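Have a look at the structure below before the remarks.
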Amino acid sequence: MKQVTVAVPVPLRRLFDYAVPEALASQLQPGQRVKVPFARRELIGVVVGAVVDSGRDEPAPAYEIKPVTALLDPAPLLSAALLALCRWTADYYLHPLGEVIAAALPGPLRRGEQPAIRPPEGLQLTAAGRATLPDVPARSQAMRALLTMLEPGASNAASVRARLPNAAAAIKRALDAGWIERCADGGIPRTLEPSLPLTALQAEVLAALETGIGRFGISLLEGVTGSGKTELYLRLTETVLAAGGQVLVLAPEIGLTPQLAARFKARFGDGVASFHSGLGEAERARHWLAAGAGEARIVVGTRSAVFVPMPRLQLVILDEEHDGSYKQQDGLRYHARDVAIVRARDAGAAVVLGSATPSLETLRNAKDGRYRHLKLDRRVHDTPPPRIHLLDVRHAVLENGLSPTIVDAVARHLEQGHQSLLFLNRRGYAPVLLCHDCGFVMPCPNCDARLVVHRARKRLACHHCGHVEPQPPACPDCGGRQVPIGQGTERIEDALALRFPEARIERVDSDRLKSGAALAKLLADVQAGEVDVLVGTQVLAKGHDFAGLQFAGLVDVDQALFGSDFRALERMGQLVTQVAGRVGRGGEPGEVILQTHHPEHPLLKLLVERGYPAFAAALMAERQQFLLPPFAHLALLRVEARTDGDVMAFLRKAKALLPASAAVEALGPAPATMARRAGFQRGQLLLKSHSRAALHRGLDGWLPDIEILGQQTRHRWSLDVDPGDLF
Ligand code: ADP
Ligand code: ZN
């Protein structure tokens, strides 16, 4: 009997064998999707091994293996390279291979739908069209616009229609007249917009980066905000395209991807496929297939784009490499940077990690010589970076959290016609609703958390479980008067609106901007100079280029100084540097004020006086002293259950089952920082080792025991390798 091994999307860390019907025996190959019976359902799995002969004529009755129901792909949908990447990811993050593969596939393909194999519809100018162009009469506006648009090269028909809404008739006439023709591929990128002449520093760094193209190797491009990193990404891409290769560009946020994709599109035309959760599933599947077929030569996307197949991958660019959102926080908890590096190694591609504020992990790799370290330490326009002024607010009268100094600065910049930005990484109106009479604080019914006041929508919300309720008219405990304590972005916005009624003030946070499109629209208004003051969370800090911004006020970063997570300070330093980097890019140096109750904090002082590199070096020494990443490797076992006792019992048993090893230390178990969330008690056990290999050996031996424990107790548990947060 013939059989084959299939990865099935179920939460079990094993593969399943299926019998192969005679008719399929010669067709099945690794990477094809098949329909298979599983329990009482049918699932879509992926073949992961060759068809083998089991050596028996009939299935042994002891374990009946069921036959594959149907073969869905005539040729492998997943290449050997992509399968290998999925296997590595499954092994490294200790996740079921079937679920890793499911995560790597866009929805329609995951559900077994047939990819629409529609030839890409391109349009291009013929020789006759080119000759005609100068003679097209001015009154034939649509025809002129159409031919002019196609002059530089082929374009995708759908995008021509989108950009020239009245072109349908003109396209038909031009096709009839033989001025344009359909071509198979609208997607061969070509350089449209001319590249900028590089500064001497850019040219020097580019030359160094170019020597790395054509083989595996990792470069850290540490460049201050506005130093022209993106221009270098574009140049490197040009080099790779000319050599026939593909380029994968990763960005941390959906909000940023359209901007980055737009810059690549402006330079390279329609061959740029974007890939992020803001796109429809069908479109994502189309781009996935186009990249896999080698048609899309450039893919710009978020985290999950790291799994888009690219047979001719030669370059991976990871922008803002320090950003925590490269790490997935649930399900398959992978880090896109680390997966990208493994992928590039297997493909023989170069990697460029770009950031103004590299992560400590990456800095250590650079210091140890594993990565090349290239620096762009000056802005393109040579505007000096703004100095950050530490403002001691210990005795200041704060109104709605704002010191008079910050309010005066906003007023001054408004008068001069400049834009200002106020940064506060807390959304809502106020983080606490307190009864002035009895001190009662409104709690979340499901979490160990307080409800946040959202005044605009007249309700209270929990930022951890999503619980919302109307704001009560009076204290539910004593009927007293409730007052909002502390501030979120809504409150800052309100306070500024009251103080500066003439100014256009816009709030930028995830409450206000639910979609990437809304953010893009707002950013366009900011670019056009129509917005005077921006108030926002970290959404604002990332990657955006605001030419008119001359002032930034950091309202409150003090929490991070005493945060419970070991990365809290690193993140604070990155955010502060990124926010400050937005300022003064238009040629004049800007002004940045950071309000703090801890002006003597040595690391905060170091950051503002000597900048991020010195700050990072000091943090690095601390991490080394306390044996924390990047000087140790961590894995976190998290457990959730209805009662606290169950959680701790599970964790204690798990700890006892850990294979004894001097190289792996188990810390805990302990309740999570937020011990109850969404109605569940939560606890965790931290594993730590100086050796990655030792940690993985320990985890591999341990995992089957944890799985059994999970089945016995039915508690939710997860294992997070290289956790981003420890709560
Ligand atoms: P970064 O990605 O490092 O923040 P960008 O690549 O976005 O920097 O460059 C910042 C600004 O400078 C952009 O508006 C970009 O168009 C411009 N720029 C970059 N390189 C040059 C150059 N060589 N000459 C002129 N302008 C440049
Ligand atoms: Zn809650």
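The values are calculated or read from the model by the stated rules, or taken from the named source; none is laboratory data. Since the structure is predicted, the reported quantities are computational estimates derived from the model, not experimental observations. Cβ atoms come from the backbone with ideal geometry, glycine included; neighbour counts cover every protein chain shown. The area values use the complete protein model at the heavy-atom level, side chains included, leaving out ligands, DNA and RNA. Shrake-Rupley method; radii C 1.70, N 1.55, O 1.52, S 1.80 Å.
State the three equivalent ellipsoid semi-axes of the stretch 525-669, derived from the C-alpha gyration tensor as the square roots of 5 times its eigenvalues, in descending order and whole Å.
Numbers: eigenvalues 330, 75, 36 Å².
Semi-axes from the Cα gyration tensor: 41, 19, 13 Å.
Calculated accessible area for the stretch 518-571 comes out at 33 Å² per residue, all protein chains present (probe 1.4 Å; ligands, DNA, RNA ignored).
Mean projected area of the Cα convex hull of the stretch 633-721, taken over all directions, amounts to 5.1 nm². Taking the average, over residues, of other Cβ atoms within 10 Å as the packing measure, peptides 500-513, 389-402 rank 500-513, 389-402 from highest down. Listed values for the stretch 239-244 are Karplus-derived 3J(HN,Hα) couplings in whole Hz (6.51 cos²θ - 1.76 cosθ + 1.60, θ = phi - 60°), namely 4, 5, 4, 4, 8, x, and x replaces Gly and Pro. The residues neighbouring Ala90, those whose beta-carbon lies less than 13 Å from its own, together hold a net charge of +1 under the Lys/Arg +1, Asp/Glu -1 convention. When DSSP assigns beta bridges and you keep just the ones with both residues in the stretch 2-110, what percent turn out antiparallel, to the nearest 5? Percentage antiparallel, nearest 5: 95.
Each 5 Å bin from zero up to the one holding the largest Cα-Cα distance in the stretch 2-110 carries the following percent of pairs: 2, 13, 24, 25, 19, 11, 5, 1.
Protection proxy ranking of 418-426, 5-13, by the mean of other Cβ atoms within 10 Å over each peptide's residues and highest first, is 418-426, 5-13. Charge dipole of the chain (Cα centre as origin; +1 on each Lys and Arg Cβ, -1 on each Asp and Glu Cβ, all else neutral): 820 debye, rounded to the nearest 20. Report note on the peptides 654-660, 100-106: ranked by the mean count of other C-beta atoms within 10 Å, highest first, their order is 100-106, 654-660. Less than 5 angstrom separates the built amide H of Lys327 from those of Ala336, all sequence-distant by 5 or more or on a different chain.
Restricting attention to the stretch 266-365, which GluC sites (Glu not before Pro) occupy a DSSP loop and are surrounded by at most 13 other Cβ atoms within 10 Å?
Within the stretch 266-365, no GluC sites (Glu not before Pro) qualify (loop, at most 13 other Cβ atoms within 10 Å).
Accessible area per residue for the stretch 2-110 is 46 Å², calculated with a 1.4 Å probe on protein heavy atoms, without ligands, DNA or RNA.
For the stretch 310-315, the Karplus equation 6.51 cos²θ - 1.76 cosθ + 1.60, evaluated at θ = phi - 60°, returns couplings of 9, x, 10, 4, 10, 8 Hz by residue, with Gly and Pro reported as x.
Measure off, as a whole percent, the carbon and sulfur share of the 1.4 Å-probe accessible area of the chain, all protein chains present.
Roughly 53 percent, rounded to a whole number.
If each DSSP helix of 4+ residues adds -39,500 (n - 2.57) and the sum is divided by the residues in the chain, what number results at 222 nm, nearest 500 deg cm²/dmol? Please report the intermediate quantities before stating the final value.
Working: 22 runs with 239 residues, N = 727.
Using -39500 (n - 2.57) per qualifying helix, the result is -10000 deg cm²/dmol.
DSSP finds beta bridges in the chain, and of those with both partners inside it, around 55 percent are antiparallel.
Give the separation of the Cα centroids, the stretch 293-355 to the stretch 666-727, in Å. Their Cα centres are 27 Å away from one another. Within the set Lys367/Lys688; Lys367/Lys605; Lys229/Lys514; Lys35/Lys521, which residue pairs have Cα atoms separated by over 32 Å? Among Lys367/Lys688; Lys367/Lys605; Lys229/Lys514; Lys35/Lys521, the Cα-Cα distance tops 32 Å for Lys35/Lys521. Using only the Cα atoms of the stretch 310-425, build the gyration tensor, take square roots of its eigenvalues as a ≥ b ≥ c, and label the shape rounded, prolate or oblate: rounded if a/c is under 1.5, else prolate if a/b is larger than b/c, else oblate. Judged from the Cα gyration tensor, the stretch 310-425 comes out prolate (a/c at least 1.5, a/b above b/c).
With unit charges on the beta carbon (Lys/Arg positive, Asp/Glu negative), name the residue among Gly324, Ile492, His418 whose Cα is farthest towards the positive pole of the charge dipole of the chain. The Cα lying farthest towards the positive end belongs to Gly324.
Under the combined filter of DSSP loop state and at most 15 neighbouring Cβ atoms within 10 Å, the stretch 611-668 retains these chymotrypsin sites (Phe, Trp or Tyr not before Pro): Phe626, Phe631. Among Gln559, Leu451, Ala350, whose Cα projects farthest towards the positive end of the dipole of the chain, with charges put on the beta-carbon of Lys, Arg (+1) and Asp, Glu (-1)? The one lying farthest along the dipole's positive direction is Ala350. What separates the Cα centres of the stretch 222-239 and the stretch 371-440 is a distance of 29 Å.
To one decimal place, what Kirkwood hydrodynamic radius in Å is obtained for the stretch 122-183 from all pairs of distinct Cα atoms? One decimal place: 11.1 Å for the Kirkwood radius. A convex hull fitted around the alpha carbon atoms of the chain yields 203 Å³ per residue.
For Lys35, the solvent-accessible surface computed with a 1.4 Å probe is close to 70 Å², ligands and nucleic acids excluded. If you take all other residues with their beta carbon under 13 Å from the beta carbon of Arg372, and give Lys and Arg +1 and Asp and Glu -1, the sum is +1.
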